[in-house]
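**Q** Let me begin by handing over the structure; questions about it come next.
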Amino acid sequence: MHTTGSRPKLVVSADGCGVVTHAGSRLLADLADATGLTSAFAGALCQLRPRGTGHDPGRVAVDLAVMLADGGEAIADLALLRDQREVFGPVASTPTAWRVLADIDSAALGRLRSGRAAARELAWLQAAETGRGIPTSRASGRDLSGLVLDLDATLITCHSDKEQAAPTYKHGFGYHPLPCFLDNTSEALAGLLRPGNAGANTATDHIQVLDAALAQLPDTHRHGTEILIRADSAGSAKAFLTHLRNLREQGIHTFFSVGYAVTEPIRRAIKALPERVWHPALEQDGSLREGAQVAELTGMADLAGYPEGTRIVVRRERPHPGAQLSLFDTDEGMRHQVFLTDTPYEGGGSIQHLEVRHRAHTRVEDRIRCGKTTGFGRFPSRHFQINAAWLELSLTAIDLLAWTQILLLEGELTTAEPKRLRYRLLHAAARITRGGRRLRLRIAATWPWRNELTTAFARLTALPCPAT
């Protein structure tokens, strides 16, 4: 029998020199420079620095985004970068960062968004020139053509009184932001900070966020690629879907797949469906989904006022233990979900494929969960405008993580959630050494993911600068 040995005894002191932590986060800061994000933010916020002295507000905004991507939760967490000057350079103090955020008004916020769009275009060009390209979204075991945008609102609890924070429909208190994510890459294209009592299905909010998200796409993708817009039933407002259809007049090839409420007329139509029209549903890998079927309700439900060609599809499934069922579902013994789509019959695939494609919208919930650990899970200020700027920097942090995965990583790390990226790469410890007129960052030789991190730094150095 072998006994478990005790850990070696340590003498702890705080007098180490040349030791740095979170060394991997330098990768994010350098990537912001390589994609032009730092220079774009500097130009966007140059008016906040009229005398040309002190910290560059654009650089402060990038440092805040890097801090959020690294897992920071408050402006004071910027101290982690500031106290490691040899790795991150000069970083603004907490009061300076507060002043920069307070000076970002709606006009400056618009310029930040334009800067983020310019950096995104360069990052996508770099992905194309390195042969990686933009990943495809997948459903039912096959690639989806074009780009897929997912809109979904979420609730953020505020534990103190903040401007425009309000009671929510779940009896909480806080904000009700509406973000839009690109399913292909997990990038956060746009987000709208709203009061907690904002309606979930407000068409004007959905239109505003969608237009802002489309503006983030490079022109060649916005006008030359099919774009699928997915949302839950909150996105089924006729005004929103009509706006989507009208975008085609601008050369933007949009299609939609949105949830739809199971109303009494829909229940009657479902009951009237003959058993022979139900088809087996599919899993995300294309295999059959046990106990689930799909059917088309088009022609059996009133869709007056919706764009021409709108189809309605229903899925029924045996409920899992603990599922919340309506009286109709309880009576039928099956759980029903309905969605609308304007994907045409020809070339659009079977209704089984359309249904599993719509069900993949649930991936946005994972993106929102990760986003809450990357900044917008808590807001720092009592002032709404500062919190709106914080949300934009949180979306920037999400983009930096996504670009890191697209451009610099490979294998399982290309799809890893932020928590894993931080644990394996960003939070790595290292030593700073000098020699041969060079400053060296030495990752621990025993760090399990040292090769992945050093390879990422090497790829960053080799990133092309495409002609624009």
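The values are calculated or read from the model by the stated rules, or taken from the named source; none is laboratory data. No experiment lies behind these values; they were computed from the predicted model shown. Counting neighbours? That spans all protein chains shown, and the Cβs are built from the backbone with ideal geometry, glycine included. Remember, those area values only see protein heavy atoms, side chains included, never the ligands or the DNA or RNA. Shrake-Rupley method; radii C 1.70, N 1.55, O 1.52, S 1.80 Å.
**Q** Got at least one residue in segment 397-417 being free of Cβ contacts under 8 Å to residues at least 12 places away in the same chain, in a helix (DSSP H, G or I) and within 14 Å of the chain's Cα centre (by Cα)?
**A** yes
**Q** Also, quick follow-up: Considering only residues that are hydrophobic (A, V, I, L, M, F, W, C), under 19 Å from Phe88 (Cα atoms) and open to solvent by 50 Å² or more (accessible area, probe 1.4 Å), which ones fall in segment 430-447?
**A** Within segment 430-447, Leu439, Leu441 qualify.
**Q** Right, next: Does segment 402-412 hold any residues that are among the aliphatic types (A, V, I, L, M) and open to solvent by 10 Å² or more (accessible area, probe 1.4 Å), and which are they?
**A** Across segment 402-412, the qualifying residue is only Ile406.
Condition check ((1) polar (S, T, N, Q); (2) touching a helix residue (DSSP H, G or I) at 6+ places or on another chain (Cβ under 7 Å)) across all residues:
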position	(1), (2)
Arg367	no, no
Thr396	yes, yes
Gly411	no, no
Ala416	no, no
Leu426	no, yes
Ala429	no, yes
Thr433	yes, no
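**Q** Follow-up question, since we're still on this one. Any residue in segment 214-226 that is more than 15 Å from Ser145 (Cβ to Cβ) and assigned to a helix (DSSP H, G or I) sitting within a Cβ distance under 6 Å of a residue that is of a type outside the set (Val, Ile, Thr) and open to solvent by 30 Å² or more (accessible area, probe 1.4 Å)? List the pairs, counting only those 6 or more apart or interchain.
**A** Leu214/Arg222
**Q** Related question: When you scan segment 283-305, how many residues do you find that are in contact with a Lys or Arg (Cβ under 6 Å, 6 or more places away or on another chain) and either of a type in the set (Asp, Glu) or assigned to a loop (DSSP other than H, G, I, E, B) (or both)?
**A** Looking only at that region, the number is 3.
Each row is one residue, and each column tells you yes or no for (1) in a helix (DSSP H, G or I); (2) in contact (Cβ under 8 Å) with a residue 40 or more places away in the chain; (3) surrounded by fewer than 20 Cβ atoms within 10 Å (Cβ to Cβ).
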site	(1), (2), (3)
Leu81	yes, yes, no
Ala102	yes, yes, yes
Arg116	yes, yes, no
Gly131	no, no, yes
Val148	no, yes, no
Glu163	no, yes, yes
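**Q** For segment 35-50, give me the residue count where each residue is closer than 24 Å to Leu408 by Cα and either over 21 Å from the mean Cα position of the chain (by Cα) or surrounded by fewer than 18 Cβ atoms within 10 Å (Cβ to Cβ) (or both).
**A** Number of matching residues: 1.
**Q** Of these, Gly54, Gly71, Gly58, which one is assigned to a loop (DSSP other than H, G, I, E, B), modelled with pLDDT of 95 or more and in contact with a helix residue (DSSP H, G or I) (Cβ under 8 Å, 6 or more places away or on another chain)?
**A** Matching residue, one of Gly54, Gly71, Gly58: Gly71.
**Q** What is the residue count in segment 33-51 for residues that are touching a residue at least 40 places away in the same chain (Cβ under 8 Å), part of a helix (DSSP H, G or I) and not aromatic (Phe, Trp, Tyr)?
**A** Result for segment 33-51: 7.
**Q** Just checking, how many residues over segment 293-311 are over 30 Å from the mean Cα position of the chain (by Cα), on the phi < 0 side of the Ramachandran plot and of a type outside the set (Val, Ile, Thr)?
**A** Matching residues across segment 293-311 total 10.
**Q** Has segment 179-199 got at least one residue that is surrounded by fewer than 18 Cβ atoms within 10 Å (Cβ to Cβ) and at positive phi?
**A** No, there is no match, as no residue in segment 179-199 is surrounded by fewer than 18 Cβ atoms within 10 Å (Cβ to Cβ) and at positive phi.
**Q** Another one. Looking only at segment 326-358, which residues are at pLDDT 80 or above, acidic (Asp, Glu) and open to solvent by less than 20 Å² (accessible area, probe 1.4 Å)?
**A** Asp342, Glu355
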